[in-house]
Amino acid sequence: MPRALVTGITGQDGLYLGELLVAKGYDVYGVVRGQNNPKVRTVERLIPSVELLEGDLTDLPSLIGAIEIAQPDEIYNLGALSFVGLSWRQAELTADVTGMGVLRILEAIRIATQGDMSRIRFYQASSSEMFGKVRESPQTESTPFHPRSPYGAAKTFGHYITVNYRESYDAFACSGILFNHESPRRGHEFVTRKVTRGVARVALGLQETIALGNLESKRDWGFAGDYVHAMWQMLQQDEPEDYVVATGETHSISELLDIAFARIGVTDWTKHVEVDQRFVRPAEVDYLCGDATKAREKLDWTPKVSFTDLIEMMVDADLERERKLSENPEG
Ligand code: NDP
Ligand code: GDR
């Protein structure tokens, strides 16, 4: 059986990727950090066959130890401080986990394989945030980077160090430049989930308004369950390369609000939304739209879930969850 090690297994993508790898017959090992991490229970419930190993991207020995136990054929580095808004307030930690963490795990592979890095295939979770103040649209693998946040800067380092280890040590290292992808498992801090959860609570009379930042920015949003297939496909190719993964469609936060509120029968949402300066960022990424032609042609990858279906799926899941919670607040 092939063996895979996944950092960030407790996150949105870690859960979908873990499920995919188990379904494909892998022995899956997940790296979890911290003492008594409450998200571990979700992994145990959804993917009980995953073996959990202690480790932290800020701690090289723990990464070497995890690789020695798991003996993986493939490593997926999904762990990161991933919330762009927080990255200004915890810039140093973001650089350490999201940026330096990539170097540490590559070094852990180099040490554990005694320099024969090509023995372990490596996936780095890079991001469309690297394009930032975009130089061209749509964005492709060759569009120059101009990150706009400490998070974007840290991911740009992670991307280039992945490319550098491929070129320096013959590592089978791929960087997936993924555009925003969402699901009912998305954290509440990200705008899609904040909106769909807020809309569900408005529908159930649990809150009146949703406080948001910039309503004009535009994102290329897809479904996380589709995107993890592209991660796996990248590591099955003959050559390690970098790929943009995106839908090629872009929508504003206002359009997101239109679709989410329409699902509960509200056409004019203005009285339910307030702009709160606390959620406006010091520097914004105004517009992202990805060109995933290379992923389509080489990986045979296409997104399956449309933007409207994605947001409706998330509103429906939040309605069910909030209804259950209001009936039984203990959980
Ligand atoms: P989440 O925020 O849901 O998950 C992040 C994961 O990183 C969690 O499992 C978290 O574990 C883990 N983590 C945080 N700090 C550390 C650390 N010091 N050591 C080890 N693990 C740590 O992110 P997503 O699942 O949405 O994203 C997965 C990856 O893809 C991230 O790297 C993200 O930056 C990147 N990405 C995401 C996109 C998206 O739209 N979702 C788009 C492009 C890239 P814990 O339980 O300990 O908090
Ligand atoms: P993003 O996602 O920064 O693109 O990073 P997020 O959902 O946080 O923001 C998207 C856009 O919405 C605007 N916005 C708000 N955002 C949040 N979180 N909360 C608000 O109240 C709010 N109001 C408006 C933001 O300004 C922004 O323009 C995500 C993360 O998953 C990264 O890890 C990943 O790399 C990128 O997607 C691709």
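Data for the structure
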{"read-out": "V191 - accessible surface, heavy atoms, 1.4 Å probe, Å² rounded to 10", "value": "50 Å²"}
{"read-out": "Protein-only accessible surface order, largest first, of Y26, Y160 at 1.4 Å", "value": "Y160, Y26"}
{"read-out": "Carbon + sulfur, % of accessible area of the chain - ligands and nucleic acids excluded, 1.4 Å", "value": "47 percent"}
{"read-out": "Extension reserve of the F190-A91 stretch, reckoned as 0.36 nm per residue once the Cα distance is removed", "value": "33.8 nm"}
{"read-out": "Distance between region 10-76 and region 205-274 - C-alpha centres, whole angstrom", "value": "26 Å"}
{"read-out": "Average accessible area per residue (Å²) across the chain - probe 1.4 Å, nucleic acids and ligands excluded", "value": "45 Å²"}
{"read-out": "Additional length obtainable on full extension of the chain from E241 to T140, 0.36 nm per residue less Cα span", "value": "35.0 nm"}
{"read-out": "Shape call, region 85-219: gyration tensor on alpha carbons, a/c limit 1.5", "value": "prolate"}
{"read-out": "Over the chain - Rg/Rh using Cα atoms and the Kirkwood inverse-distance radius", "value": "0.96"}
{"read-out": "Efficiency of FRET between T308 and E19 - r from beta-carbon atoms, R0 35 angstrom, step 0.05", "value": "0.90"}
{"read-out": "Antiparallel bridges, percent of DSSP beta bridges restricted to the chain (to nearest 5)", "value": "5 percent"}
{"read-out": "For region 268-331: rounded, prolate or oblate by the Cα gyration tensor [a/c cutoff 1.5]", "value": "oblate"}
{"read-out": "Relative contact order for the chain, counting Cα pairs under 8 Å that sit 6 or more residues apart, in percent", "value": "17 percent"}
{"read-out": "Too-long pairs where the Cα-Cα distance tops 20 Å, listed order kept, from K155/K304; K194/K218; K133/K298; K271/K324", "value": "K155/K304; K133/K298; K271/K324"}
{"read-out": "Three-way shape call for region 1-76 based on the alpha-carbon gyration tensor, with the a/c threshold at 1.5", "value": "oblate"}
{"read-out": "Most mobile listed residue (S252, S137, S175) in the chain, GNM with C-alpha springs under 10 Å", "value": "S137"}
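The values are calculated or read from the model by the stated rules, or taken from the named source; none is laboratory data. Keep in mind that what you see is a predicted model, and the values were worked out from it rather than measured. Backbone-built Cβ (ideal geometry, glycine too); neighbour counts: all protein chains shown. Each accessible area value is taken on the protein alone, full model and side chains, heavy atoms only, with ligands, DNA and RNA left out. Shrake-Rupley method; radii C 1.70, N 1.55, O 1.52, S 1.80 Å.
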